[in-house]
Structures are given as C-alpha cells and as structure tokens.
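Q: Structure incoming, see below.
The values are calculated or read from the model by the stated rules, or taken from the named source; none is laboratory data. This structure is a prediction, so every number in the text was calculated from the model and none was measured. Because the Cβ atoms are built from the backbone with ideal geometry, glycine has one as well, and the counts that use them run over all protein chains shown.
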Amino acid sequence: MKKLLSAPALFIWASVLLIVGILLAFWYSPIDASSMGFSQKIFYYHVPIASAAFVAFGVAFVAAIAYLRTQDLKWDRLGYVGVRIGLLFSILVMATGMIWGKAAWGVWWAWEPRLTTYLLACFLYAAYWVLRSVVDEEDRRATYAAVFAIIAFIDVPITFFATRFLPEGLHPVVVGPGGGGMEGSIAVSFAICMVGMLLLMAAIIRRDYEIELIRDRVTDLKTSLGG
Amino acid sequence: MSGWSQFKAILRKDLIRELRTRDMLVSMILFVLLAMIIFHYAFTVKEGADLTYFTGGMLWVTFIFAMLLGLNRSFAQEKDEHCLDGLLLCPVDRVTIFFAKTAGNLVFLLIIQAVAVPVFALFFIERNFLGDLLPFLIVLALADLGICALGTLLATISMNTRSRDLLLPILLLPLIVPVLIAATGATTLIFAEGASFGSLVARLLLLLGFDAVFLVAAWGTYDFAIGE
C-alpha cells in the first residue's frame with residue numbers, strides 16, 4: 001500500500017489517467033452542442049487544474065493549523081510545498097482560463113469572478129512567499145507563514161462570493177459553462193481528468209515535501225559535523 | 001486586573017500617546033485631504049465630468065491607504081520604544097492586546113473619517129444624502145472594523161520582519177478586496193442613488209460576515225503572530 005502511494009507511483013497513476021482522460025475527451029466525448037463548440041475541450045484541463053490548485057491551498061491550510069498546534073517544522077515544509085504547488089496551478093488556471101475566455105467571449109481577460117478569484121489568490125500566495133523571505137529566524141518564519149496561510153485560505157471563498165454576487169446591478173456577471181448537468185460521455189472523461197490532475201498534484205507535493213525533508217536532514221548533518 | 005480593564009488601559013495608553021503628539025493623526029488627515037485633490041484632477045477627464053459613480057471608490061481607496069500609513073506608524077512606535085516588549089511582559093492575555101490595538105486603530109480611522117467625509121461630500125457629492133446617513137454610518141463601521149482587525153493582525157506580523165512597513169500593503173491589500181468591493185458598492189449606491197434596503201443588504205451581510213470570520217481568525221492566531 002505504501003509503495004502504491006509513493007511519489008513515483010503517484011506520477012505513474014496520474015500520467016496514465018491524464019493520457020486516457022485527454023484521449024477520451026477528444027475522441028469519445030462529443031463536441032459541445034452549445035455555443036462553446038470545440039473550445040469547450042479545454043474544460044477537461046481547466047477545471048481539474050483549478051480544483052487541484054484549491055486542494056493544494058487546502059493542504060497548506062491544514063498544514064498551517066497542524067504546525068501551530070504541534071510546532072513541528074515538518075508541517076511548515078508541507079505548507080510551504082502546498083502553497084508553491086497551489087501557486088503553480090493557479091497560474092495555469094489563469095493561462096487556460098484566458099485561452100478559454102478568448103475563445104468563448106473574444107477577450108483575453110474578463111473580470112469573471114472565478115478568474116478574478118484565482119488572480120487574487122495568486123497575489124495572496126505571492127505575498128506568502130515574500131513574507132517567508134523577509135523573516136530570518138526559522139521558527140518565527142514558520143509561525144508567521146502559518147498564520148498568513150490560514151487567513152489567506154479563509155479569504156479566498158469570501159473573495160469569490162464578493163466578486164460573484166455583489167457587482168450585480170452595476171455590471172452583469174458572466175456565467176461560464178458547467179451550470180447545467182453533464183452528459184454521461186462528458187462526465188466520464190471529465191472525472192478521469194479530474195482524478196488524474198489531483199493525483200498529479202499529490203505526486204508533486206509528495207515529491208517536493210520529501211525533498212524538503214531531505215534538505216533539512218542534510219542541514220542537520222552539516223551542523224552536527226561542525227560545518 | 002480583569003480582561004476588560006486591561007483592554008481599557010491599553011486603549012487609553014494608545015489614545016493618550018497619540019493625542020499628546022498628534023503626529024500620526026495630523027499626517028493621516030492631511031494625506032486624506034490631499035488624496036481628494038489628486039483624485040479630482042486624476043479623474044476629471046474633461047471640464048464638468050460626472051464623478052458620481054467614482055465616489056465610493058475614491059473614498060475607500062483613500063481610507064485604506066491612510067490606514068496603511070497609520071498602522072505602520074502605530075506599530076513602529078511600539079517597536080522602537082520597546083513598548084511592546086513591556087506589554088508582553090505584563091500578565092495580559094495576548095488577545096486582549098489585539099482587541100485593544102484594533103479598537104485604537106478603529107478610533108483613529110473614525111476620527112479621520114469624521115473630518116474627511118464632510119469635506120468629501122462638499123467636494124464631490126451633489127445629492128443630499130443626509131436621509132441615508134444611518135446606512136452610510138453602518139457601512140463605515142462594518143468596513144472599518146474588518147480593515148482594522150486584519151490590519152492590526154498583519155501589522156503585528158510585518159513589523160517583526162526585515163522589510164517592516166514595506167510588507168504590510170502586500171499582505172493586507174489582497175485580503176481586503178472583499179471589503180473594498182462591498183463598501184465601495186454600498187457607498188456609491190448611497191451617494192448616487194440613495195440607499196434602499198434591498199440594494200444594500202447583500203453588501204452589509206458580506207461586511208458583517210467578513211468582520212465576524214476575521215475577528216475569530218485573528219482571535220485564534222494573534223497569540224502566534226505577536227510572538228514570545
């Protein structure tokens with residue numbers, strides 16, 4: 001069981017599922033009947049990436065709480081890795097979202113609530129990065145980073161609600177696809193892509209987390225050798 | 001000393017210190033008034049342009065930037081004079097310090113608004129909004145509370161870092177975007193069209209929820225933020 005969940009195994013699972021998912025998305029699922037047409041295919045990447053980004057930030061949130069409770073630095077490393085991967089996926093969300101926006105609405109950027117929320121999440125977690133870089137003491141850096149990771153993760157859904165529901169009356173809210181139900185053949189490909197992307201995220205987090213732990217051990221060994 | 005009297009003592013100390021020197025309040029008020037003049041020239045694209053639908057944004061951008069100045073100042077003094085070390089040595093609950101500091105910053109922000117809003121109305125608002133004063137004050141109070149609570153928490157963190165006042169805007173601004181959206185929308189509606197309960201209720205609820213969530217979050221994490 002342990003071997004099946006190791007980082008290399010997760011990478012293999014993820015790549016199999018993502019390849020199968022993308023083949024299904026292009027050859028098995030029908031071309032979208034509504035106005036989206038062929039450009040709807042990006043949905044099979046875009047939405048799973050967005051979910052993966054959110055889950056990665058969630059990992060950082062849980063790790064932050066665990067760190068504040070236990071003061072064990074391994075949680076700090078997990079939180080740090082979670083934010084890093086979440087940030088990477090958020091940038092991909094915006095890149096795919098902009099491509100979609102260009103195809104669907106004819107513009108590269110629209111102040112669409114979901115896109116805006118991810119943009120703000122990028123700024124929030126970039127600030128997390130800056131915060132880590134300006135604190136020298138190890139424990140203090142971990143504590144501040146944890147506090148900020150908690151606050152930031154709580155803020156993201158509130159930002160989404162604010163961007164989604166408040167501007168009503170001042171300017172229209174653009175509604176993306178995914179509101180209605182999904183056809184069976186679309187749902188299968190979508191589910192496979194979703195699981196594949198989440199596994200890919202888990203694989204990267206796991207690998208990076210292990211690298212961080214090894215790095216810490218090397219530092220400890222160097223210190224104990226007097227170097 | 002009970003928590004309540006500790007709270008009052010810390011708040012009193014902050015107010016007295018500021019009222020003796022007045023350097024923070026005076027600069028913040030001057031900044032707010034100057035910002036209005038700059039906004040006037042920045043947004044008046046042609047003679048007689050209608051700024052009505054910019055008013056909420058102008059007002060809140062000004063308040064948020066003024067608050068950033070004030071927050072940095074209030075903690076820089078604490079840190080430089082080692083006042084905070086003294087406070088931490090006292091047998092005071094850290095959360096009491098947080099609420100007292102938040103209350104202090106809130107008082108300063110309210111003082112600034114008491115000066116700034118009438119001048120702002122004189123400069124920019126043609127409609128008589130005195131009938132909507134109560135909803136306007138509620139919006140002010142709710143948005144101020146959220147900004148001050150989060151601002152106090154993050155200023156506590158940023159003053160202990162190497163970049164100090166440089167860090168605070170980067171941490172605080174993305175977090176208070178929801179407050180900005182709700183407060184700007186509500187304020188603009190009040191200034192431009194008059195407040196109807198239906199148009200304001202969603203924004204007020206968001207502000208209320210934001211305040212509640214972050215007061216609880218700050219209450220839970222301030223112990224860690226302020227350090228040993």
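Q: Which residues, taken from the range B:91-115, are more than 18 Å from the chain's Cα centre (by Cα) and free of Cβ contacts under 8 Å to residues at least 60 places away in the same chain? Lay out the reasoning, then the answer.
A: Filtering the range B:91-115 down to residues more than 18 Å from the chain's Cα centre (by Cα) leaves B:91-96.
Of everything in the range B:91-115, just one residue is more than 18 Å from the chain's Cα centre (by Cα) and free of Cβ contacts under 8 Å to residues at least 60 places away in the same chain, namely B:Pro91.
Q: Out of the range B:191-212, which residues are in contact with a Phe, Trp or Tyr (Cβ under 8 Å, 6 or more places away or on another chain), assigned to a helix (DSSP H, G or I) and touching a residue at least 24 places away in the same chain (Cβ under 8 Å)?
A: B:Phe191, B:Ala192, B:Leu206
Q: Restricting to the range B:38-79, name every residue that is at pLDDT below 90, of a type in the set (S, T, N, Q) and under 30 Å from B:Asn160 (Cα atoms).
A: B:Asn72, B:Ser74, B:Gln77
Q: A further question on this structure: Among what's in the range A:91-117 and is part of a helix (DSSP H, G or I) and without any contact (Cβ under 8 Å) to a residue 40 or more places away in the chain, pick the residue that is nearest to the chain's Cα centre (by Cα).
A: Top of the filtered list is A:Ile91.
Q: Just wondering, is there one or more residues in the range B:109-125 that are away from chain A (no Cβ under 14 Å) and in contact with a Cys (Cβ under 9 Å, 6 or more places away or on another chain)?
A: Taking every residue of the range B:109-125 in turn, at least one turns out to be away from chain A (no Cβ under 14 Å) and in contact with a Cys (Cβ under 9 Å, 6 or more places away or on another chain).
Q: Give me the pairs, please: first residue somewhere in the range A:12-25 and in contact (Cβ under 8 Å) with a residue 60 or more places away in the chain, second residue anywhere and surrounded by fewer than 20 Cβ atoms within 10 Å (Cβ to Cβ), beta-carbon distance under 7 Å, and either six or more positions apart or on two chains.
A: Hits for this filter: A:Leu17/A:Val195; A:Leu24/A:Val188; A:Ala25/A:Lys41.
Q: A further question follows. Could you check the range B:133-163 and list, in sequence order, the residues that are within 9 Å of chain A (Cβ to nearest Cβ) and touching a helix residue (DSSP H, G or I) at 6+ places or on another chain (Cβ under 6 Å)?
A: Answer for the range B:133-163, where residues must be within 9 Å of chain A (Cβ to nearest Cβ) and touching a helix residue (DSSP H, G or I) at 6+ places or on another chain (Cβ under 6 Å): B:Leu150, B:Leu153, B:Leu154, B:Ile157, B:Ser158, B:Thr161.
Yes/no per residue for (1) more than 9 Å from chain B (Cβ to nearest Cβ); (2) out of contact with any helix residue (DSSP H, G or I) (no Cβ under 8 Å at 6 or more places or on another chain); (3) free of Cβ contacts under 8 Å to residues at least 40 places away in the same chain; (4) over 16 Å from A:Leu68 (Cβ atoms):
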residue: A:Leu119; (1), (2), (3), (4): yes, no, yes, yes
residue: A:Leu124; (1), (2), (3), (4): no, no, yes, yes
residue: A:Val130; (1), (2), (3), (4): no, no, yes, yes
residue: A:Val135; (1), (2), (3), (4): no, no, yes, no
residue: A:Glu138; (1), (2), (3), (4): yes, no, no, no
residue: A:Ile151; (1), (2), (3), (4): no, no, yes, no
residue: A:Ile158; (1), (2), (3), (4): no, no, yes, yes
residue: A:Leu166; (1), (2), (3), (4): no, no, yes, yes
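Q: Please tell me if B:Leu140 is closer than 22 Å to B:Asp14 by Cβ and assigned to a helix (DSSP H, G or I).
A: Answer is yes for this residue.
Q: Considering (1) in a helix (DSSP H, G or I); (2) more than 18 Å from B:Thr52 (Cβ to Cβ); (3) modelled with pLDDT under 90, say which one B:Arg162 fails and leave the rest.
A: For B:Arg162, the exception is condition (1).
Q: Report, by residue number, each residue of the range B:218-228 that is facing another protein chain (nearest Cβ under 9 Å), surrounded by 17 or more Cβ atoms within 10 Å (Cβ to Cβ) and in contact (Cβ under 8 Å) with a residue 24 or more places away in the chain.
A: Of everything in the range B:218-228, those that are facing another protein chain (nearest Cβ under 9 Å), surrounded by 17 or more Cβ atoms within 10 Å (Cβ to Cβ) and in contact (Cβ under 8 Å) with a residue 24 or more places away in the chain turn out to be B:Ala218, B:Thr221, B:Tyr222, B:Ala225.
Q: Okay, moving on. Residues of the range B:206-217 being within 10 Å of another protein chain (Cβ to nearest Cβ) and either touching a Lys or Arg at 6+ places or on another chain (Cβ under 9 Å) or surrounded by fewer than 16 Cβ atoms within 10 Å (Cβ to Cβ) (or both), which ones?
A: Passing the criteria: only B:Val216.
Q: Separate question: Which of the residues that make up the range A:65-110 are within 14 Å of chain B (Cβ to nearest Cβ) and in contact with a Leu (Cβ under 9 Å, 6 or more places away or on another chain)?
A: A:Ala66, A:Tyr67, A:Trp75, A:Ser90, listed by residue number.
Q: In addition: With respect to the numbered conditions (1) over 23 Å from B:Arg203 (Cα atoms); (2) of a type in the set (D, E, K, R); (3) part of a helix (DSSP H, G or I), which one is the sole condition not fulfilled by B:Asp132?
A: Of (1) over 23 Å from B:Arg203 (Cα atoms); (2) of a type in the set (D, E, K, R); (3) part of a helix (DSSP H, G or I), only one is false for B:Asp132: (1).
Q: Give all pairs with beta carbons closer than 8 Å in which a residue from the range B:166-190 that is facing chain A (nearest Cβ under 9 Å) and free of Cβ contacts under 8 Å to residues at least 60 places away in the same chain meets a residue that is in a helix (DSSP H, G or I) and of a type in the set (Asp, Glu); count only pairs at least 6 apart in sequence or on separate chains.
A: If the second residue must be in a helix (DSSP H, G or I) and of a type in the set (Asp, Glu), the pairs left are B:Pro174/A:Asp155; B:Leu175/A:Asp155; B:Pro178/A:Asp155.
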